[in-house]
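Have a look at the structure below, then the notes.
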Amino acid sequence: MTRAVVIGLGGLGCPAALGLAESGIGELLLVDPDTVELSNLQRQVLYRTADVGRAKVEVATQRLSESFSGLRVEGRRVHLGAANARELLRGADVVVDCTDDPGSRFIVNDVGLELGIPTVLGGVLQFDGLVLAVSGHSGPCFRCLFEVPPPTEEARRCGEAGVLGPLCGVVGHLQAQRAWGLVSGHAAAQTGFVTTVDGLRGRIRDVPLPEATDCPACGGLAARLDITPYSCPMTYVRTRLALETLNPGQTLDIVMRRGEPSRNVPRNLLDEGHDVLINGAVDDGRHRVVVRRVC
Amino acid sequence: MVVIKIPASLRKFVGGNERVDVDAANVREAIDALEGAHPGVKAKLCDDAGNVRRFINIYAGDEDIRFLENMDTALDAGSELQIIPAIAGG
Ligand SMILES: [Zn+2]
């Protein structure tokens, strides 16, 4: 049974948990320390006026159980921190971070990579949203993009600075979609980029994550290789040449045409003893393989 | 001319514009030109030493400038700069 953990049950966590339940996920663990406040109701769709003062995990667990009879859902009324993150995340197939705590995204990112669990990180403030999915076994990750959390005076939260209600729904549900993709065989299409959502203009844009080799959390991504112009056996010749420039332990992100290249390249990599970390379609024409050089 | 794409939350510092066009040969000149046109916005992007704040990313085209020449990254006419802040809310 597939198990997802949702950290934070606010503007993002409500639509994300709802989206995961809608996707047919088997088990949900909801984590949040707070109680429902009147000002939450505008965007936190699992709560009603009569719920003000109750624990968010308690209300959300009740609402989701009522709507989705096959779902096993439990709540933990705690704040996720460095001390309890491993215990909360262990056993999950995917973790969705929906907190308004800038430090928490780094903890979820790092512990996810440590435990080999894919994570989906989201943020929303005023009119901007951001979603980033990280594979459990390879970068790039949130720490490759941002080195440190914003300082507290910059990290104004939605309760203080305001947030566009429907933007929370878009970003939270997009997090649920990426989480579903990560656990249902579509991981190749979910990772390697950050999605920015412009709430004023309604534009959604994917930006590739940087190549980096010194990320302390994921080890980084040493290089990207596009072999879509080539056919076999040139696809594998190009791949080998690129791998030879890497040190053992470094990863290469390869995009190729679907069909013959997508059958041959990963098989050849496995035959030579390398770790194939991601292997799947990106879209109708392109296939993506992430490989870690072993020897 | 270089196009700087402004994230929604920073638009109030640049007259509400989604994009600001500047004449610049590198990233430093682009940010200085942005500051010239809209005083005060640079402090949102850079620290006192003039470096990009570590919770903000600037992309030239599809490349993170930290892995190019940083503030000295050369820009051609028609280049696009995209600003991606770490968004903390949830
Ligand atoms: Zn990383």
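The values are calculated or read from the model by the stated rules, or taken from the named source; none is laboratory data. These figures come from a predicted structure and were not determined experimentally. Cβ atoms come from the backbone with ideal geometry, glycine included; neighbour counts cover every protein chain shown.
Does segment A:236-254 include one or more residues that are under 26 Å from A:Gly129 (Cα atoms), in contact with a strand residue (DSSP E or B) (Cβ under 7 Å, 6 or more places away or on another chain) and either part of a loop (DSSP other than H, G, I, E, B) or among the small types (Gly, Ala, Ser) (or both)?
Among the residues of segment A:236-254, not one is under 26 Å from A:Gly129 (Cα atoms), in contact with a strand residue (DSSP E or B) (Cβ under 7 Å, 6 or more places away or on another chain) and either part of a loop (DSSP other than H, G, I, E, B) or among the small types (Gly, Ala, Ser) (or both), which makes the answer no.
What is the number of the single condition among (1) more than 21 Å from A:Val163 (Cα to Cα); (2) surrounded by 17 or more Cβ atoms within 10 Å (Cβ to Cβ); (3) under 11 Å from the mean Cα position of the chain (by Cα) that B:Lys42 does not meet?
(2)
Does B:Ile4 satisfy the condition of being among the hydrophobic types (A, V, I, L, M, F, W, C), surrounded by 19 or more Cβ atoms within 10 Å (Cβ to Cβ), out of contact with any Leu (no Cβ under 7 Å at 6 or more places or on another chain) and under 19 Å from A:Thr196 (Cα atoms)?
no
For the condition modelled with pLDDT of 95 or more, in contact with a Ser or Thr (Cβ under 7 Å, 6 or more places away or on another chain) and either on the phi > 0 side of the Ramachandran plot or away from the ligand (no atom under 16 Å from the Cβ) (or both), what is the one hit in A:Val237, A:Val276, A:Val291?
Testing whether each residue is modelled with pLDDT of 95 or more, in contact with a Ser or Thr (Cβ under 7 Å, 6 or more places away or on another chain) and either on the phi > 0 side of the Ramachandran plot or away from the ligand (no atom under 16 Å from the Cβ) (or both) leaves just A:Val291.
Name every residue in segment A:230-281 that is hydrophobic (A, V, I, L, M, F, W, C) and loosely packed, with under 14 Cβ neighbours inside 10 Å, in order of residue number.
Scanning segment A:230-281 gives A:Met234, A:Val237, A:Leu241, A:Leu270.
Give me the residue from segment A:210-220 that is more than 8 Å from the ligand (Cβ to nearest atom) and under 20 Å from the mean Cα position of the chain (by Cα) and, out of that set, farthest from the other protein chains (Cβ to nearest Cβ).
That would be A:Glu211.
Hey, which of the strands (runs of 3 or more DSSP E) in segment A:75-153, taking only ones fully inside, have at least 2 residues that are more than 14 Å from chain B (Cβ to nearest Cβ) and either over 29 Å from A:Pro166 (Cα atoms) or within 12 Å of the ligand (Cβ to nearest atom) (or both)?
none
Just name the residue that is nearest to the ligand (Cβ to nearest atom) out of those in segment A:195-209 that are farther than 16 Å from A:Leu145 by Cβ, free of Cβ contacts under 8 Å to residues at least 12 places away in the same chain and at the interface with chain B (Cβ under 10 Å from one of its Cβ atoms).
Going through the qualifying residues, I end up with A:Arg203.
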